[in-house]
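Notes for the one structure printed next.
The values are calculated or read from the model by the stated rules, or taken from the named source; none is laboratory data. Treat the numbers as computed from the prediction; the structure is a model and nothing was measured. Heads up, the Cβs are rebuilt from the backbone with ideal geometry, glycines too, and the neighbour counts pull from every protein chain shown. Note: areas computed on protein heavy atoms with side chains; ligands, DNA, RNA excluded. Shrake-Rupley method; radii C 1.70, N 1.55, O 1.52, S 1.80 Å.
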Amino acid sequence: MTNENKKDDFIFGLRPVIEAIEAGKTIDKIFVQNALQGPIYAELKTILAQHKIRPNYVPIEKLNRFTRKNHQGVVAFISDVPFHRVEDIVPQLFEEGKTPFLLILDRLTDVRNFGAICRTAECVGVDAIIIPEKGGAPINSDAIKTSAGALYNIKICKEPNLAHAVDFLQQSGISVFAATEKAQKLIYDVNFTEPCAIVMGNEETGISKEVMHHSDEKIKLPIEGKTQSLNVSVACGAILYEAVRQKIVATATL
């Protein structure tokens with residue numbers, strides 16, 4: 001059993017999951033057995049739709065890996081961290097007179113990378129982190145621990161479609177920079193002092209084609225050694241601190 005599946009992070013069974021949702025628990029991920037049927041599942045399905053929670057339909061073998069007890073075809077992972085929607089956060093930032101500074105994490109799967117990035121992001125003043133509903137690392141006790149508690153102090157936006165979220169940001173006047181080693185521009189050649197969002201991609205495959213296509217500009221870090229890539233957490237920290245440097249310099253010259 002992996003760290004994702006600690007007993008304090010998930011619940012199972014139709015009625016317990018229904019009660020958890022109705023009690024206001026934050027559902028990080030929910031897995032439902034393929035072709036599950038029955039009146040109680042119909043009730044759960046209605047509640048999921050009401051709360052805009054999208055289940056992951058999986059074979060029973062996957063559920064059996066989470067627990068050997070009678071899960072009744074449903075396993076839900078709970079997060080202590082509340083989730084927000086980007087369309088609520090961005091207008092609020094502008095109303096408060098802030099210059100939005102956002103981070104988009106496209107399908108990062110390693111919990112420790114995710115937690116470390118959240119820690120750095122909170123330290124440098126990122127206003128919110130945008131993640132996909134599916135395909136990302138679980139926001140569980142390991143993520144919170146790795147973030148040194150920073151996950152409690154930074155807003156996390158879970159979005160069903162990151163490309164649509166990017167479109168919304170652009171329509172709101174926010175520039176979106178995609179970090180990729182294939183870029184022509186270095187991070188020092190773009191302006192981070194205006195409203196902006198930085199996209200970091202999956203540890204193995206990078207940023208998805210759809211999100212890359214929707215981004216305004218591609219940026220990269222200079223690599224002088226033989227190793228052609230950095231750990232995503234390290235790379236993200238370097239980019240975020242360049243943004244901070246630019247903001248400090250811009251403020252000092254006002």
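Where in region 205-237 are there trypsin sites (Lys or Arg not before Pro) that are in a DSSP coil and have at most 12 other Cβ atoms within 10 angstrom of their Cβ? Write out the running numbers ahead of the final one.
Values: sites: Lys209, Lys218, Lys220, Lys226; in loops: Lys226.
Qualifying residues, ordered by number: Lys226.
Which of the three applies to region 102-254, rounded, prolate or oblate, going by the alpha-carbon gyration tensor with a ≥ b ≥ c and a/c under 1.5 meaning rounded? All intermediate terms of the calculation are to be shown ahead of the outcome.
Working: a/c = 1.22, a/b = 1.19, b/c = 1.03.
Because its axes are fairly even, with a/c under 1.5, region 102-254 counts as rounded.
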Cα centroid separation, region 136-154 to region 184-228 (Å): 24
Span-rule helices in the chain, defined as complete DSSP H runs reaching 18 Å or more along the axis (Cα) with Kyte mean at least -0.5: 111-124, 232-252
Under Karplus coefficients 6.51, -1.76 and 1.60, residue-wise ³J(HN,Hα) of region 53-68 in Hz, glycine/proline x: 9, 9, x, 9, 8, 9, x, 4, 4, 5, 5, 5, 6, 6, 7, 8
In region 1-89, the trypsin sites (Lys or Arg not before Pro) that fall in loop regions by DSSP, at most 10 other Cβ within 10 Å: Lys7, Lys52, Arg68, Lys69
Shape category assigned to region 184-253 from the gyration tensor of Cα positions, a/c cut at 1.5: oblate
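Mind running the shape call on region 10-78? Use the C-alpha gyration tensor, a ≥ b ≥ c as the square roots of the eigenvalues: rounded below 1.5 for a/c, prolate if a/b tops b/c, oblate otherwise.
On the way: a/c = 1.59, a/b = 1.30, b/c = 1.22.
Cα axes put region 10-78 in the prolate bin.
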Net dipole in debye of region 10-78 [+1 Lys, Arg Cβ; -1 Asp, Glu Cβ; about Cα centre; nearest 20]: 200
Sequence-distant residues sharing a close amide H with Val199 (under 5 Å, placed H): Ile104, Phe177, Ala178, Ala179
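Which longest uninterrupted range of the chain lacks any GluC sites (Glu not before Pro) assigned by DSSP to a loop state (not H, G, I, E or B) and surrounded by at most 12 other Cβ atoms within 10 Å? Don't jump to the answer; show the numbers that get you there.
On the way: sites that count: Glu96, Glu204, Glu224.
Between the exposed loop sites, the longest stretch runs 97-203.
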Accessible area of Leu14 in the full protein assembly, 1.4 Å probe (Å², nearest 10): 20
For region 83-252, with +1 on Lys and Arg beta carbons and -1 on Asp and Glu, the positive-most of Ala179, Cys157, Ile144 along the dipole: Ile144
Structure-based [θ]222 nm, the chain - -39500 (n - 2.57) summed over DSSP H runs of at least 4, per residue, nearest 500: -11000 deg cm²/dmol
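Averaged per residue, what accessible surface does the chain expose to a 1.4 Å probe, in Å²?
About 51 Å² of surface per residue is accessible.
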Region 186-193 - phi-based ³J(HN,Hα) in whole Hz, Karplus 6.51/-1.76/1.60, Gly and Pro as x: 7, 4, 7, 9, 10, 9, 8, 7
Assigned charges on the beta-carbon of Lys, Arg, Asp, Glu; the chain dipole about Cα centre (debye): 720
Among Val199, Leu108, Tyr41 - extreme Cα towards positive end, dipole of the chain, charges at beta-carbon: Tyr41
